[in-house]
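Take a look at the structure below.
The values are calculated or read from the model by the stated rules, or taken from the named source; none is laboratory data. Because the structure is a prediction, the values reported are computed rather than measured. Counting neighbours? That spans all protein chains shown, and the Cβs are built from the backbone with ideal geometry, glycine included. Accessible surface is based on the protein model in full, side chains and every heavy atom, while ligands, DNA and RNA are left aside. Shrake-Rupley method; radii C 1.70, N 1.55, O 1.52, S 1.80 Å.
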Amino acid sequence: MAHRSRISGTALVLRGNDIDTDRIIPARFLKGVSFAGLEAHVFADERSALRARSRMHPFDDAQRRGARILVVNKNFGCGSSREHAPQALQRWGIAAVVGESFGDIFAGNSVAIGMPCLRVSERDAALLQEAVEADGARTFAVDLEEKTIRSGNLVVPVDLSDGARAQLLEGTWDATAVLLAAGPQIEKTAARLPYLNGWA
Amino acid sequence: MPKSLYEKVFDRHVVRPLTGGQHQLFIGLHLIHEVTSPPAFQDLRDRGLTVRHPERTFATQDHANPTTSLLRPYADRENEGQVQALERNVEAFGIRYFSPERGEHGIVHVIGPELGLTQPGMTIACGDSHTPTHGAFGAIAFGIGTSQIRDVLATQTLVMEKLKVRRIEITGRLRPGVYAKDVALHLINVMGAKGGVGFAHEFAGPVVERFSMEERMTLCNMAIEGGARCGYVNPDATTYAWLRGRPYVPGGAAWERAVRDWDSIRSDIDAPYDDLVTIDGSTIEPMVTWGVSVDQSVPVTGTIPTDTEDAGIADAADFMGWQPGQAIAGTPIDVAFIGSCTNGRLSDFQAVADLLAGRDLKVAPHVKALIVPGSQQVRNELVARGLDKLFVTAGFEFREAGCSMCLAINPDRLEGRQVCASSSNRNFKGRQGSPTGRTLLMSPVMVAAAAIAGAVTDPRTLFGTLQ
């Protein structure tokens, strides 16, 4: 798999803390047996609720349709473990999420499909959100090697765990092959576990 | 060097270190259900892989099945499709499946402990965020996504980073009418929905030590709502008494050896923690959520916050339709739901039944009230005790087992702006199946009080002094 060190493109902003995975993809879209087509339903209920009030959700903004970087606030992706949430975002076109903090399971699921969740300070989140909202055509570049997001003169440090960063840089975010490479070491570990061996 | 249970159990399961401080971790018990597993099996097939240790994965159906009748095919074609996919997968890969046909199905976090599959010292993974429930037994249990389900199926291992560990001591003694659910809601209120991000939570102290296993499961179940991917309680005599004699628990000499091992994995008395929090249990009130995040709660005697400067509070209050400063008690409800992996166990229903017995209390005429057992075994036991009749006489519907209206992907769901008093675990917007539906989370006893009064009510008032 190709390594992933740089993600660039236009961005969009979703403000608010504790945006849970039920909001990202409501549970009624979890009834299929594959992830195909989920992009059509990302934030489905929030978008229709705003349309009903003659307001526009950022994911309905035609100007932002090509956005690749999503800028959020605190605890984005909390709640349910549904991988449908990062799958829906990625299939919509998002390649990186930048925010103050993330639900642990969401962040793990995102890395597993090659979409990093990058942490920034509260101040930098506000700075980025203003910059993104001011100009829909402005492009931003996430650099995982130097752990920054850049746009013109704006340079903001981003953080992610060393492990997630290594997986993206080495192209091993799809972990199955790496895990299989352990070979018989897996069964050696099982042979040490008391509960798999009658506590003998 | 002294260690916490989390560290001891984690270290035992490390297959090898990986780059960037990650570890390849062996998963002792893998639980699957019909909603999050089908794409993982498909991925496995697409890659020409197989299930490496089918004997360490166990399946059930819980989210999709209807609760009015388990007759197949299910009326909802998508529900039926997910169950058929699960049936094909367990058949093809030789996985033990606890099915309705055999009278064995139930919410995955109810049946795991019931069967004794869940044991101290295990690593337990499931494609479901409420997997920390199993931590009540001193296991390291956490929710995973579908790609990780694929990894566990293919390799029985996962890429994991070590979490930080926070010990949360709940001191003192709970007051009458305060339940494990109230403790969980109070903790999340105090620490915030993101307070536990990056942490495993070790629940301890006299209140937790006195808790039954079912109360410990309720507390650990809600760890994720406080942001912690993993929560646990050190195993003790209460744990062992609950486990002894269950189908997957060893007997005889192996039982004695198991208990010695389980004692050895308890956190050492001088174990280091990354954080320590103490909560005075004697100050906790019966709690109810008013908002759309689980940390947005007040005592049942309380009022809706008026801090409209906080965008989150303002948005939640707007969605829920509150007036600032309004008392939460007296809020009319349309639906009452008692069930879920948080509060769908025998003791949850027994506590409600004890309050209904001999009092001639009836569900308010305008309220639809559901009793949904967490498993067929729980359901069978309720019937054996005659409690199904008691509930039906009081005006509740007595349903088949499943997740039901906790996340509402089966036919059980709210309509329009309905308000639901719910013993489940999430009050997120749209959570109970209607995009504009409203959820108030509370203990099963408070749900019963709300069902009878037709409005949010302090159960201590309705039922008199509670024990």
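Structure summary
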item	result
Shielding of B:155-167 by partner chains, average beta-carbon count, 10 Å	4
Contact surface A-B: accessible area buried, both sides summed, square angstrom, 1.4 angstrom probe	5200 Å²
Neighbourhood net charge (15 Å Cβ-Cβ; Lys/Arg +1, Asp/Glu -1) for B:Val259	+1
Under 5 Å, built H, 5+ apart or other chain: amide partners of B:Ser297	B:Trp290
Calculated P(r) tail over 21 Å for chain A, as whole % of Cα pairs	55 percent
Surrounding net charge for B:Arg88, when Lys and Arg each add one and Asp and Glu each subtract one, Cβ distance under 12 Å	-2
Computed over region B:358-431, Kirkwood Rh from alpha-carbon pairs, angstrom	13.6 Å
Region A:24-70 shape via C-alpha gyration tensor axes, a/c threshold 1.5	oblate
Packing-based ranking, highest mean first, of A:150-158, B:102-110 given that Cβ atoms within 10 Å are counted	B:102-110, A:150-158
Within chain B, helix-based [θ] at 222 nm, where runs of 4 or more DSSP H residues each add -39,500 (n - 2.57), nearest 500	-9000 deg cm²/dmol
Principal axis box of region B:18-74, alpha-carbon based, largest edge first, Å	50, 23, 23
Sequence of B:Glu256, A:Glu83 when ordered by accessible area, the most exposed leading, probe 1.4 angstrom	B:Glu256, A:Glu83
Protein-protein interface of region B:6-20, residues with accessible area decrease of at least 50 Å², isolated chain reference, 1.4 Å probe	B:Arg12, B:Val15, B:Arg16
Rg/Rg_globular for chain B, with Rg_globular taken as 2.2 N^0.38 Å and Rg from C-alpha atoms	0.94
Measure of compaction for region B:1-148 (Cα Rg per 2.2 N^0.38 Å)	1.12
Rounded to 5, percent antiparallel among DSSP beta bridges of the protein assembly as shown	35 percent
Cα convex hull volume per residue for region B:287-462 (Å³)	96 Å³
Neighbourhood net charge (12 Å Cβ-Cβ; Lys/Arg +1, Asp/Glu -1) for A:Val158	-2
At least 30 Å² accessible surface lost relative to isolated chain, residues of region B:214-246 (1.4 Å probe)	B:Arg229
Packing-based order for A:98-106, B:312-320, using average beta carbon neighbours within 10 Å, highest first	A:98-106, B:312-320
Per residue, in Å², the accessible surface of region B:287-462 once ligands and nucleic acids are set aside, probe 1.4 Å	32 Å²
Spatial extent of region B:164-283: Rg and Dmax, with the Cα atoms as the point set, Å	15.1, 45
Cα pair distances in the protein assembly as shown, grouped into 10 Å bins until the bin that holds the longest one, percent each	3, 16, 28, 28, 18, 6, 1, 0
Complex-versus-alone comparison for region A:78-92, residues with a loss of 40 Å² or more in accessible area, probe 1.4 Å	A:Gly79, A:Ser81, A:Glu83
Percent accessible area from carbon and sulfur atoms, the protein assembly as shown, protein chains only, probe 1.4 Å	50 percent
Ranked by how many other beta carbons lie within 10 Å on average, peptides B:76-87, B:268-279, B:55-66, B:236-247 from highest	B:55-66, B:76-87, B:236-247, B:268-279
